[in-house]
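The structure appears right after this line, and notes come after that.
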Amino acid sequence: MENIDRRTFVKKSTVATAGVMMSTPLIHNSMANSSAGDTVNIAVIGIRSRGKDHYRALAKVPNVNIVAICDIDQQLLPEAVSEIEKLTGSKPATETEYRKILENKDIDAVSIATPNHWHALMAIWACQAGKDVYVEKPVSHTVEEGRKIVEAARKYNRVVQTGTQSRSQTATIDAMDFMNKDGLGKIFMARGLCLKPRGSIGHVKNSNIPDGVNWDAFLGPAPYRPFNENRFHYKWHWFWDTGNGDFGNQGIHQADIARWAMGKHTHPVRIQGTGNYFIWDSDQETPNMQQLQFEYEDGSILQFEVRGLGTNTEAGIRVGNLIFGSKGWMSLGNEDDGLSKVHYSDIKIKPDGFSSYKEEDGPEFNNDDPATANSVVNHFTNFIDCVRSRKWQNLNADILEGHLSTSLCHLGNIASRLQRTLHFNPNAERFVNDPEADTYLTKMYRAPYLLPDKV
């Protein structure tokens, strides 16, 4: 009855954090009239894993001051403070409560690297508090959340960048330029690949909350559960309460590239998908194998496959994309997929870059050795430039792009869970005559961590 109960999900009339109501936004447009040389004060939220990449990249962007870091795990703060001080020469303040970051009017922007189920609420609250936002992928935990972030960004004139850094990667930009110049002709299909073997997380018993961890704040809008190591650091990806499986973890990057290559700025109208959790016996809820197909109104197709077990490659790719056009096809590889730490003696992993092929003539153009510029630094630089200029239209990955690509992950997961073909109305962002499927477009929220009806 879990899915049926969702139809009576909590009505969300007020934005709130633990102990602090935010029904009245704290607007502070500190960068509204800034010049290109002004320093941007930023806070990094979530510092254990991806958050480290955030502050390391920001440390390389000129005129950026990392003034604060925030995490629910106090044990992580000293090491991060020490590293940031070494990188920048300045010691950031530390917080364990996100609301205090929002209340600080000296902070211009936040970068959010928390678990997925927190992304939307933090992004919306930051917009309401007058902060610009860099939010990690996937930008939301549900389709409804993604739309709310877009609404908040526009209403409060905020610069909101999606953490899909491939949009700022030299090789990927070159590939898109090649296709835009008719290098592949008319694109009719794109295929995203997340062939990333994952081991079993096993079965873990509940245990005491570690010292220095605010477990209630970690769970936030998710249902309260006793502390469990399998639901904590990184492994939260594999539970529906907090994550979106590997499609929403790694696959969002490839789904975004596929949609970008196809030039689609809307949702698909038909989704087919199967998926399940195979081989391992563990606590994991999300599938480790998925085959998905998204059809757009003009009939073009976006395919996606997740293989979380041992597997072959496709065109030498484990994590990447295959793009098909009337003049040929293209492969886009991504070496930054974690597989460099694993030895595959019989497989040559395709590096970052792309190659295109004519049907009969073989390679037409290749870029297997792209510029080594750091795409994460490029992405943050683009974000900071737009914070200064106030021109969100110049973002490489504006929040609307993030919402459309993230929604592919949500729609694909819904199709996998229901195991049937779904029809979707892109304008209404609802399924067609399918109340059961609609229940997955939102979720129940645990008070006081509520999504607002209106931003």
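Miscellaneous remarks
- For His117, the criteria (1) of a type outside the set (D, E, K, R); (2) under 21 Å from Lys264 (Cα atoms); (3) in contact (Cβ under 8 Å) with a residue 24 or more places away in the chain hold in every case but one, which is (2).
For every residue, the table says whether it meets (1) buried (at least 19 other Cβ atoms within 10 Å of the Cβ); (2) of a type in the set (A, V, I, L, M); (3) touching a residue at least 60 places away in the same chain (Cβ under 8 Å).
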site: Gly202; (1), (2), (3): no, no, yes
site: Lys205; (1), (2), (3): no, no, no
site: Asn244; (1), (2), (3): yes, no, yes
site: Gly248; (1), (2), (3): yes, no, yes
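- Restricting region 273-282 to residues that are surrounded by fewer than 17 Cβ atoms within 10 Å (Cβ to Cβ) and of a type outside the set (Phe, Trp, Tyr) leaves a set whose member that is nearest to Val204 (Cα to Cα) is Asp281.
- Residues of region 287-337 classified as without any contact (Cβ under 8 Å) to a residue 60 or more places away in the chain and assigned to a strand (DSSP E or B), total: 6
Table: residues versus (1) farther than 20 Å from Asn288 by Cα; (2) among the hydrophobic types (A, V, I, L, M, F, W, C).
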| position | (1), (2) |
| --- | --- |
| Gly402 | yes, no |
| Ser407 | no, no |
| Asn413 | no, no |
| Leu418 | no, yes |
| Pro426 | yes, no |
| Asn433 | yes, no |
| Tyr445 | yes, no |
| Leu450 | yes, yes |
| Asp453 | yes, no |
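- Number of residues in region 421-455 that are closer than 27 Å to Ala258 by Cα, free of Cβ contacts under 8 Å to residues at least 12 places away in the same chain and either aliphatic (A, V, I, L, M) or in a loop (DSSP other than H, G, I, E, B) (or both) equals 3.
- Any helices (runs of 4 or more DSSP H) falling wholly within region 190-267 and containing at least 1 residues that are closer than 16 Å to Gly412 by Cβ and in contact with a helix residue (DSSP H, G or I) (Cβ under 9 Å, 6 or more places away or on another chain): 245-249, 251-262
- Residues (of a type in the set (S, T, N, Q) and more than 13 Å from Arg307 (Cβ to Cβ)) located in region 241-273: Thr242, Asn244, Asn249, Thr266, Gln272
- Any hit, region 354-371, residues being modelled with pLDDT under 95, in a loop (DSSP other than H, G, I, E, B), aromatic (Phe, Trp, Tyr) and surrounded by fewer than 21 Cβ atoms within 10 Å (Cβ to Cβ): no
- Scanning region 396-414 for residues that are within 14 Å of Tyr134 (Cα to Cα) and buried (at least 24 other Cβ atoms within 10 Å of the Cβ) returns Ala397, Ile399, Gly402, His403.
- Only listed residue being of a type in the set (A, V, I, L, M), at pLDDT 95 or above, more than 30 Å from Asp438 (Cβ to Cβ) and surrounded by 15 or more Cβ atoms within 10 Å (Cβ to Cβ), chosen from Leu322, Leu292, Leu302, Leu332: Leu322
- The single condition among (1) within 22 Å of Tyr296 (Cβ to Cβ); (2) buried (at least 21 other Cβ atoms within 10 Å of the Cβ) that Ile384 does not satisfy is (1).
- Scanning region 125-182 for residues that are touching a Pro at 6+ places or on another chain (Cβ under 8 Å) and surrounded by fewer than 20 Cβ atoms within 10 Å (Cβ to Cβ) yields Thr170, Asp174.
- The single residue among Ala93, Ala59, Ala109, Ala80 that is under 18 Å from Ile384 (Cβ atoms), of a type in the set (A, V, I, L, M, F, W, C) and without any contact (Cβ under 8 Å) to a residue 60 or more places away in the chain turns out to be Ala59.
- For region 373-417, a residue qualifies if it is closer than 30 Å to Asp438 by Cα and in a loop (DSSP other than H, G, I, E, B), and exactly one does: Ala397.
- Flag if Ser389 is hydroxyl-bearing (Ser, Thr, Tyr), modelled with pLDDT of 95 or more and more than 27 Å from Val319 (Cβ to Cβ): yes
- Residues (out of contact with any Ser or Thr (no Cβ under 9 Å at 6 or more places or on another chain), among the hydroxyl-bearing types (Ser, Thr, Tyr) and under 19 Å from Lys148 (Cβ atoms)) located in region 84-134: Thr114
The values are calculated or read from the model by the stated rules, or taken from the named source; none is laboratory data. Since the model is a prediction, treat every value here as computed from it, not as a measurement. Note: ideal-geometry Cβ built from the backbone for every residue, glycine included; neighbour counts use all protein chains shown.
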